[in-house]
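Here is the structure we will look at.
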Amino acid sequence: MRSLLKFITCGSVDDGKSTLIGHILYDSKLLYADQEKALELDSKVGSRGGAIDYSLLLDGLMAEREQGITIDVAYRYFTTDNRSFIVADTPGHEEYTRNMAVGASFADLAVILIDAKQGVLVQTRRHARICALMGIKYFVFAVNKMDLVGYDENRFNEIKKQVEELADELKLESIYIIPVSATEGDNVTTKSENIPWYKGEALLPYLENIDVTEKKQEEGFYMPVQRVCRPDHTYRGFQGQIESGEIKTGDEIITLPSNERAHVKSILVGDRDSDHAFMGQPVTIQLDREVDVSRGCVLAAGNKLPISKSFTATILWMDDKELTPGTDYIVKLGTKQMPAILKNIQYKIDVNTGAYIPANSLKKNEIAVCDISLQEEIVLDEFKKHKTLGELILIDRITNMTSACGVVEKPSVDDSRDLKTAFVYGSLKANGDIFEEFYYNLDSMTINKVRPSGRTYTVGDEIPVNGESYSYPDSFDVVVLRDKVAVKVRDRKVESIGELADYKYSGVPVINGRGFEVKVNDEASYAAFAEELAQQKDSISSGFFNKWLTFETYRKIVFKDEIWN
């Protein structure tokens, strides 16, 4: 059975990407007779003086042919004696970077073309960086148009040095550099007599022989649940594709994020019963007991997958409108889709130099490292450890368009690690959200919660009771409902930090962990509050908040032209 290679061609405008693939198809006799005849006729009205224009095999849109550029991603399927291929020919123009990113998301290998006259350009660097971001590990740099520089070995070596510097900067795992001429066919399918000084392989033989199988297997077994199948009350199966490892009937698995354990009762591979299944197979798994699993959950064994509701990601911004912190999106990660908020832009990355640049907004086609918070905890991990659990897209909640794509760099397994301010005493730790500022961002027309770069407070420390958007009395109590901690503040100092279960109302104002007034004024009203709170269990309802909390007593919203994090 022939192996399959999925690859992408990319580079700057007019580097010859479509021409290169068209020449491979033509030279390899992979065209039908009518396609070949149509190509010859179409070429007579083109820009090559009647000579065959191989790019016409891939540029199918009228706008592409009129402008002489690729706009949409063109997928082509072909087979040689040694291998089967799927190639995505992608646009070179910066305006269509999102189209190029879509092509890169499916590929195992990238062929990046470089014009021999121009060398490595900014767009070359951008495409290489995006391909690396998408997890591509294998790169071929085809130095094209060698015929226009007289097949000069010195010029090729100059560009080779530029490529090696870029590969070192991006830490690319595998690179191969080939001098070619896409229009003339030099080193495309066979070695060229015009470039005798080049001792390596031509492009097509290299693609036929390269091994792109993953050398490093992901740890253990895991399968993101795509669908819950329940044809009747006697059967409940979890459907998805196994992303790592293998599973057998009788094996114990753990369901995430619910952390329940069960054993595999049966396995369907397609419509056939099987006693085992392995990576890459789409399966239906039935368990021996009822568990809390729905679309987006993960079945796992033999590994420790992080569960978190916040993470740091590297993203490529693809929307026409600017990205600003505090904006809500829908995030799709693995098989899970849920609301999310982009909390902070740590920095953006200069595509030309790789330098980190401070930023509070992103424009189209810029790359940045950002902090993202989810509505609930899900299973996610670093992209380099578990690819499927680390690749994501951000979807605009209004237009439903894809605004960004990216990868998880670091999940925040324990949200408290991400705190900038907190109350700590012994083993107790509570979020210091009472120091958050509430700003109305006039630029994005959204309300932003901004944490100051503060400190950790413990018993005896003096706290700031006044900020731009808050003002508390000198003495008050804080009941941090999420962390189940109570903090007593007297004369602006932390008097005690204890468990919420042990807290007694003491006659001073009470606020919650966000700085909202708790509407209690005696022991009886606090007892009623505590009793109703206990009934809320893990998820506190909006009705409870509306009944017991008031925002405006100690807080206000301050208008800002723009928000800096």
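Can you give the FRET efficiency to the nearest 0.05 for Glu153 and Lys410, using r as the Cβ-Cβ distance and R₀ = 35 Å? List each step's numbers first, then the result.
On the way: r = 45 Å, r/R0 = 1.28.
So, using R0 = 35 Å, E works out to roughly 0.20.
For region 308-414, what is the relative contact order in percent, using Cα pairs closer than 8 Å and at least 6 residues apart in sequence?
Rounded, it is 39 percent for region 308-414.
Shape call for region 308-414 from the C-alpha gyration tensor, a ≥ b ≥ c root eigenvalues: rounded (a/c under 1.5), prolate (a/b greater than b/c) or oblate?
oblate
Give me the number: length gained by fully extending Lys248 to Lys493, i.e. 0.36 nm times residue separation minus the C-alpha to C-alpha distance, one decimal in nm. Please list the in-between numbers first.
On the way: separation 245, 0.36 × 245 = 88.20 nm, distance 5.92 nm.
The span from Lys248 to Lys493 would gain 82.3 nm if fully extended.
Taking a ≥ b ≥ c as the square roots of the eigenvalues of the Cα gyration tensor of region 419-550, is the shape rounded (a/c under 1.5), prolate (a/b larger than b/c) or oblate? Don't skip to the end; give the middle numbers.
Working: a/c = 1.60, a/b = 1.15, b/c = 1.39.
Oblate, since a/c reaches 1.5 and b/c is not below a/b.
So what is the relative contact order of region 145-267, in percent, for Cα pairs below 8 Å that sit 6 or more residues apart? Don't skip to the answer; put the middle values down first.
Numbers: 125 pairs, mean separation 16.6, N = 123.
Value for region 145-267: 13 percent.
Using unit Cβ charges (K, R positive; D, E negative) and no other charged atoms, how large, in debye to the nearest 20, is the dipole of region 221-301 about its Cα centre?
Working: 9 positive and 12 negative charges, 39 e Å.
Roughly 180 debye for region 221-301.
Quick one: order Leu148, Leu305 by neighbouring beta-carbon count within 10 Å, fewest to most.
Values: Leu148 14, Leu305 19.
Going from sparsest to densest Cβ surroundings: Leu148, Leu305.
For the ranges 229-235, 173-179, what's the packing order if you count other beta-carbon atoms within 10 Å of each residue, average per peptide, and put the highest first? Mind showing how you got there, number by number?
Numbers: 229-235: 8.9, 173-179: 18.9.
Most protected by this proxy first, the peptides run 173-179, 229-235.
Could you work out the relative contact order of region 470-544, using alpha carbon pairs under 8 angstrom and six or more residues apart, expressed as a whole percent? Write out the running numbers ahead of the final one.
Values: 98 pairs, mean separation 17.1, N = 75.
Once normalised by length, the contact order is 23 percent.
Shape call for region 221-301 from the C-alpha gyration tensor, a ≥ b ≥ c root eigenvalues: rounded (a/c under 1.5), prolate (a/b greater than b/c) or oblate? Working shown, then result.
Working: a/c = 1.28, a/b = 1.05, b/c = 1.22.
Because its axes are fairly even, with a/c under 1.5, region 221-301 counts as rounded.
Could you compute the FRET efficiency for Phe278 and Glu201, with r as their C-beta to C-beta distance and R0 at 30 Å, rounded to 0.05? Let's see the in-between values first.
On the way: r = 33 Å, r/R0 = 1.10.
In this case the efficiency is close to 0.35.
May I ask you to compute the full-extension gain from Thr550 to Val228, defined as 0.36 nm times their residue separation minus their alpha-carbon distance, rounded to one decimal in nm? Display every interim value, and only then the final one.
Values: separation 322, 0.36 × 322 = 115.92 nm, distance 4.13 nm.
Length difference between fully extended and current span is 111.8 nm.
Using R₀ = 25 Å, calculate the FRET efficiency as 1/(1 + (r/R₀)^6) where r is the Cβ-Cβ separation of Glu290 and Ala534; round to 0.05. Intermediate values should be presented prior to the final figure.
Working: r = 27 Å, r/R0 = 1.08.
E between Glu290 and Ala534, to the nearest 0.05, is 0.40.
Find how much the distance from Lys137 to Arg236 grows on full extension, using 0.36 nm per residue of separation minus their present alpha carbon separation; answer in nm with one decimal. Walk me through the intermediate numbers first.
Details: separation 99, 0.36 × 99 = 35.64 nm, distance 3.88 nm.
Working it through step by step, the gained length comes to 31.8 nm.
Computed from the coordinates by the stated procedures, all read-outs in this text should not be read as laboratory data. Keep in mind the model is a prediction, meaning the values are calculated, not measured. Every residue, glycine among them, receives a Cβ derived from its backbone with ideal geometry; neighbour counts consider all protein chains shown.
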